[in-house]
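Worksheet: the structure to be examined is printed underneath.
The values are calculated or read from the model by the stated rules, or taken from the named source; none is laboratory data. Everything numeric in this text was worked out from a predicted model, so none of it was measured. We place every Cβ from the backbone using ideal geometry, glycine too, and count neighbours over all the protein chains shown.
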Amino acid sequence: MGDLDLLWGGLQAAVTPENLMYAAIGVLLGTFVGVLPGIGPAMAVALLLPVTFGLEPTSAFIMFAGIYYGGMYGGSTTSILLNTPGESASVMTALEGNKMAKAGRAAQALATAAIGSFIAGTIGTLLVALFAPMLADVAVDIGAPSYVAIIVLALVMTSTVLGSSRLRGLVALFLGLSIGLVGLDLNTGQPRLSFGVPQLVDRLDIVVVAVGIFALGEAMWVAAHLRRNPLQIIPVGRPWMGREDWRRSWKPWLRGTAVGFPFGAIPAGGAEIPTFLSYVTERKLARDQGEFGKGAIEGVAGPEAANNASAAGMFVPLLALGVPVTATASVMLAALEGYGIQPGPQLMTEQSDLVWTLLASLLIGNTLLLVLNLPLAPLWAKLLQIPRPQLYAGILFFACLGAYSVNLDPFDIALLLAFGLLGLAMRRFGLPVLPLILGVILGPILETKLREALAISDGAYSSLLGEPLAVVVYVILALALVLRLVLARVRPAGFEPDDIDVRDEEKVNR
Amino acid sequence: MKALTIVALALALSACGVTRGDDSQDIAMWIPNSPGGGYDQTGRAAVGVIEGEQIIDGTMEVTNILGAGGSVALTRLMGEEGNDHLLMTVGLGVVGSAYSFALDYKLTDATPIAQLIEDQEGVLVPADSPFKTIDDLVAAWEDDPGGVVIGGGSSPGGPDHLFPMQLAEAVGVEPSELRYVPYDGGGPLTTALLGNKIQVGFSGLGEFEGQIAAGELRVLAVSGEERLTGESVKDIPTLTESGIDLVFTNWRGILAPPGISDERRDELIAYVEEMHGTPEWEAALEKNGWIDEFKTGDEFGDFLEDQDARVASTLEEVGLL
């Protein structure tokens, strides 16, 4: 392939000791800023972008790529260690990752996240290099009806994570869907459930909801039980991934990549749906399903790979169409324009040197991330040795700082605390957290896309079957449901996987 | 952990804003949407020139206050009564939001400083669209107003929604019968047009330059008084050239909080006037394809009154008010 030669040329031009140093600085800075809760890659890139000004384009790209990957990995780090996801894409990582950390396996979780990110990022970048213009042509044909189908599929799959009590699971799911309704109705411009508070009009930030419910809720729960329960000591685990960890990780890495990349490449795809799909897939396929919810390494490896693959896929619409599909992509678009790149249909032909340099830089940044962060994983894991009261105080401080720093509005801290209380109440009454988060994530996307589809067709529901991909998804869904019914007949009432049910944790605690 | 704390402290400090005494020359500039958006580009361009040319002795700090199409920022501006070290970038979209969110305030309740620029809208179609001229679209509308799927990058009340509504009214088509699909900004609108999901898009043309230059999207008409000057857009006719009596422009300008002294108001206006006279500002206009439409003080205030009435009547027309 001629394109691979061009990429190779870009790599050779880019790998100099000086550039590698810039990449290393970028990765470190990105990671440090990315670990602040509430600061996802978009913010990290925006905050650190000025650092790259004044460098010549190749060095600037490389440092920029380092910051980007560092920021993403920083978000995963806090998800795993502190249960405070920095952005919506690392919410799924927090589920199993934090459980692993509490079981003394933080280093393994961080390592599988780093290696999975590296593999997914590398494969994704190569796919962008080879197929971007072609993929972009296909991607614009995927419209609202196909999204609706995919989200219906995802919602059906949430049934697998409802937990041991269906009723409680559904309550949590609908609570999440209601939270997702808060804010501006895009179609009529009317605010909903905002109670006259202007800050509520722009929809609730999923990060504030997740950090509030995960981190603050947990901190309050622990604080409420401090006197009754002696603190659990987090065991000191081994620093590296063992043979068993490798064996269990490599398939999720590849599956996550396969799920994540297409979602990044379709406009408005984003990382939320693929990380979730990867999580439930791994959960379904896991040999020991009981381990899910208690720290299964597959549940970190898959979503992390999906996250990074979709982040790489994002460059397809960005470079080929000039369309940013995520917040990070918007910041990146502004940055690329600052370097004199004008993304759009002509970019690949008119400024191909810059594109190949950029793609080569992404590969270098990705590699440096692995090289620098893998040895750091055991060090990060030591963070959990901080005594609990101080650790939770630190989490509260950083969570509030993160929530405040986005808009500089004290209201966001109040909101964070409100969701913290909700998280505490959910733990108290045994409502599972995951369905709620899914409701918050999937509800608004489903609504927007459904209404877009119906607005285009003037209310004709038949239009929901108007795209080939939509039909294919519904057929798969129908087959899966039929298969399940048949299996249920053939097999006696089967084993229901236990869930990320806080009640389990409660039992352990007592 | 130490490094973490340092980064966090640095962030916290940089986020603190400027504490100032009364003799300070510093001025804060609020932007009512996210970095990279239209208000942001205009506001930051103005701040860049004022700082670069040292028109004021102090510094200018830019803060993006997001939320509800500018309503959050406008509400906070009203709460800063008498603060004469504060400016805010506003535009047509904020006028619409003030209605959509039923605010108790209008832009005219603040202190008008200056209108800075005008920005044209364009009528976009995919390359293979049967619509070759704006007349083709009008004919299709007259035939069946709801039969043409149109879209824009703003929710109802925003510029991309107001423009097709006023266009329909100008050609005698009932605005409330149009089938308008709102998209969340220029990006999703681009893909909807490229994928032939909608037939016509209404938007400012800045975000579409690449597609227009590549011939993947065509522009039937621009909405300003005169044609645009850019290489790929200079052959596009205006609406008036096509015989439609409508000039529609998205504009942006600067407000100060209510209740500041007349002397301070005149001082702030003088700063902006000095900025407007620099070659650097001219270069910024050129670079962004903005039209130089500058008016200050009471003249800008009258313009705001007029805009307010126009937006209100359009929203009433389509049943949103």
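Here are the numbers:
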{"item": "B:Ala221, sole failed condition from (1) within 14 Å of chain A (Cβ to nearest Cβ); (2) on the phi < 0 side of the Ramachandran plot; (3) not basic (Lys, Arg)", "result": "(1)"}
{"item": "Meets criteria (farther than 17 Å from B:Pro159 by Cα, assigned by TED's automatic domain parsing to the domain that holds B:Gly93 and at pLDDT below 85) for B:Ala283", "result": "yes"}
{"item": "Members of region A:22-37 found to be within 14 Å of chain B (Cβ to nearest Cβ) and in contact (Cβ under 8 Å) with a residue 60 or more places away in the chain, listed by number", "result": "A:Val27, A:Leu28, A:Thr31, A:Leu36, A:Pro37"}
{"item": "Residue count for region B:269-309, restricted to those that are on the phi < 0 side of the Ramachandran plot, touching a residue at least 12 places away in the same chain (Cβ under 8 Å) and either touching a helix residue (DSSP H, G or I) at 6+ places or on another chain (Cβ under 9 Å) or part of a helix (DSSP H, G or I) (or both)", "result": "27"}
{"item": "Matching residues in region B:168-218 - criterion: being within 23 Å of B:Gly289 (Cα to Cα) and of a type in the set (Gly, Ala, Ser)", "result": "B:Gly185, B:Gly186, B:Gly187, B:Gly201, B:Ser203, B:Gly204, B:Gly206, B:Gly210, B:Ala213, B:Ala214, B:Gly215"}
{"item": "Checklist (1) under 15 Å from the mean Cα position of the chain (by Cα); (2) not in a helix (DSSP H, G or I) applied to A:Arg287, failing item", "result": "(1)"}
{"item": "Residue count, region B:45-54 (criterion: surrounded by fewer than 19 Cβ atoms within 10 Å (Cβ to Cβ), in a helix (DSSP H, G or I) and in contact (Cβ under 8 Å) with a residue 40 or more places away in the chain)", "result": "2"}
{"item": "Every residue from region A:173-202 that is within 14 Å of chain B (Cβ to nearest Cβ), under 19 Å from A:Ala414 (Cα atoms) and buried (at least 18 other Cβ atoms within 10 Å of the Cβ)", "result": "A:Val182, A:Gly183, A:Ser194, A:Pro198, A:Gln199, A:Leu200, A:Val201, A:Asp202"}
{"item": "Hits in region A:395-421 - residues which are within 14 Å of another protein chain (Cβ to nearest Cβ), surrounded by 20 or more Cβ atoms within 10 Å (Cβ to Cβ) and of a type in the set (Phe, Trp, Tyr)", "result": "A:Phe398"}
{"item": "Within region B:143-187, considering residues that are among the charged types (D, E, K, R) and assigned to a loop (DSSP other than H, G, I, E, B), the one nearest to the other protein chains (Cβ to nearest Cβ)", "result": "B:Asp184"}
{"item": "Subset of region B:88-125 [outside any helix (DSSP H, G or I) and within 11 Å of chain A (Cβ to nearest Cβ)]", "result": "B:Phe101, B:Ala102, B:Leu103, B:Asp104"}
{"item": "Index of the failed condition, A:Ala46 passing every other in (1) more than 22 Å from A:Leu434 (Cα to Cα); (2) outside any helix (DSSP H, G or I); (3) in contact with a helix residue (DSSP H, G or I) (Cβ under 7 Å, 6 or more places away or on another chain)", "result": "(2)"}
{"item": "Residues (at pLDDT 85 or above, within 13 Å of chain A (Cβ to nearest Cβ) and within 23 Å of the chain's Cα centre (by Cα)) located in region B:191-202", "result": "B:Ala192, B:Leu193, B:Val200, B:Gly201"}
{"item": "Residues of region B:55-87 that turn out to be buried (at least 19 other Cβ atoms within 10 Å of the Cβ), assigned to a loop (DSSP other than H, G, I, E, B) and over 20 Å from the mean Cα position of the chain (by Cα), as a count", "result": "3"}
{"item": "Criterion: crowded, with 19+ Cβ neighbours inside 10 Å, away from every other protein chain (no Cβ under 14 Å) and not in a helix (DSSP H, G or I) - qualifying residue of A:Leu438, A:Leu424, A:Leu431", "result": "A:Leu431"}
{"item": "Matching residues, region A:454-467, being at the interface with another protein chain (Cβ under 9 Å from one of its Cβ atoms) and either within 24 Å of A:Val138 (Cβ to Cβ) or among the small types (Gly, Ala, Ser) (or both)", "result": "A:Ala455, A:Ile456, A:Ser457"}
{"item": "Residue in region A:58-75 that is surrounded by fewer than 24 Cβ atoms within 10 Å (Cβ to Cβ) and either within 14 Å of chain B (Cβ to nearest Cβ) or at pLDDT below 80 (or both) present", "result": "yes"}
